């Protein structure tokens with residue numbers, strides 16, 4: 001049973017190496033999806049410097065990295081639909097096993113524990129059609145980089161990123177199958193970027209049409225070390241998802257990852273076996289065209 005990880009490489013590709021450092025030694029394959037026309041989901045062009053590919057060749061001493069070039073921008077689709085489509089194409093490229101998808105700005109520290117967790121639950125990949133599952137982690141969202149550290153959100157926000165299926169219903173999500181909160185913590189350098197980088201992101205990401213991005217961008221710019229404690233419930237789409245901001249001293253993102261990891265150990269939650277068996281039996285019976293209310297089952 002192999003553990004594979006896939007990334008969508010786009011305008012924020014320079015953040016990828018920070019994420020790669022956390023996982024490289026502990027995965028069996030790494031798949032990088034890049035639009036062959038170098039276009040975002042909004043149809044805007046981006047540039048990846050040749051030095052990036054040269055650096056990856058030097059770093060990939062175990063030959064784990066495989067590039068996947070394809071047309072991921074479809075003019076007829078919305079940005080979020082392009083997002084889901086690309087992730088599904090990447091899933092199929094990755095094949096079978098434990099399939100992980102992270103973004104370039106997501107850093108899964110202490111991946112050794114995640115690997116042990118997945119190896120411990122190997123049996124879910126014997127017949128994955130009958131035992132489909134999604135594992136969810138918790139995001140630590142870096143919100144803004146200040147002169148002496150980072151503002152961040154840490155309130156157990158769930159997100160899906162590991163599965164044994166080859167299809168997503170949404171962005172890394174499958175709500176019609178079993179979802180398990182394993183509580184792996186992932187540091188997300190979402191908004192902790194320069195103003196120029198942040199402006200480009202909100203004009204090209206999957207959520208471009210989901211809220212007034214320009215107005216929210218102005219709010220984000222106004223935050224500083226003196227006023228950040230004054231703001232509560234400030235997520236742009238679901239306000240209470242981000243309840244408050246915290247501050248941690250760090251001169252670089254690597255230092256933040258190190259400092260946060262020291263204070264917050266990865267404590268993963270194993271799958272409840274009985275609960276899983278019950279869910280999977282119902283699924284198997286459904287595939288065999290037996291209804292739960294079938295008279296035969298009532299006897």
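Remarks
- Any hit, segment 156-178, residues being touching a strand residue (DSSP E or B) at 6+ places or on another chain (Cβ under 9 Å), touching a residue at least 12 places away in the same chain (Cβ under 8 Å) and more than 30 Å from residue 2 (Cα to Cα): no
- Scanning segment 185-198 for any residue that is exposed (fewer than 13 other Cβ atoms within 10 Å of the Cβ) and touching a strand residue (DSSP E or B) at 6+ places or on another chain (Cβ under 9 Å) turns up at least one such residue.
- Residues in segment 254-299 that are under 22 Å from the mean Cα position of the chain (by Cα) and either in a loop (DSSP other than H, G, I, E, B) or at pLDDT below 70 (or both) were compared, and the one that is nearest to residue 127 (Cα to Cα) is 271.
- Looking across 233, 215, one residue alone is assigned to a loop (DSSP other than H, G, I, E, B) and surrounded by fewer than 18 Cβ atoms within 10 Å (Cβ to Cβ). It is 233.
- Taken over segment 1-37, the criterion of being free of Cβ contacts under 8 Å to residues at least 40 places away in the same chain and in contact with a strand residue (DSSP E or B) (Cβ under 6 Å, 6 or more places away or on another chain) is satisfied by 30, 32, 34, 36.
- Residues in segment 30-49 that are in contact with a helix residue (DSSP H, G or I) (Cβ under 6 Å, 6 or more places away or on another chain) and more than 18 Å from residue 19 (Cβ to Cβ): 40, 41, 42, 44.
- Whichever residue in segment 174-190 is within 20 Å of residue 17 (Cα to Cα) and part of a loop (DSSP other than H, G, I, E, B) and, among such residues, is modelled with the lowest pLDDT: 190
- Qualifying position, being in contact with a strand residue (DSSP E or B) (Cβ under 8 Å, 6 or more places away or on another chain), surrounded by 18 or more Cβ atoms within 10 Å (Cβ to Cβ) and not in a strand (DSSP E or B), among 139, 124, 151: 124
- Any hit, segment 114-123, residues being on the phi > 0 side of the Ramachandran plot and touching a helix residue (DSSP H, G or I) at 6+ places or on another chain (Cβ under 7 Å): no
- So residue 54, is it loosely packed, with under 14 Cβ neighbours inside 10 Å and touching a helix residue (DSSP H, G or I) at 6+ places or on another chain (Cβ under 9 Å): no
The values are calculated or read from the model by the stated rules, or taken from the named source; none is laboratory data. None of these values were measured; they are calculated from a predicted model. Cβ atoms come from the backbone with ideal geometry, glycine included; neighbour counts cover every protein chain shown.
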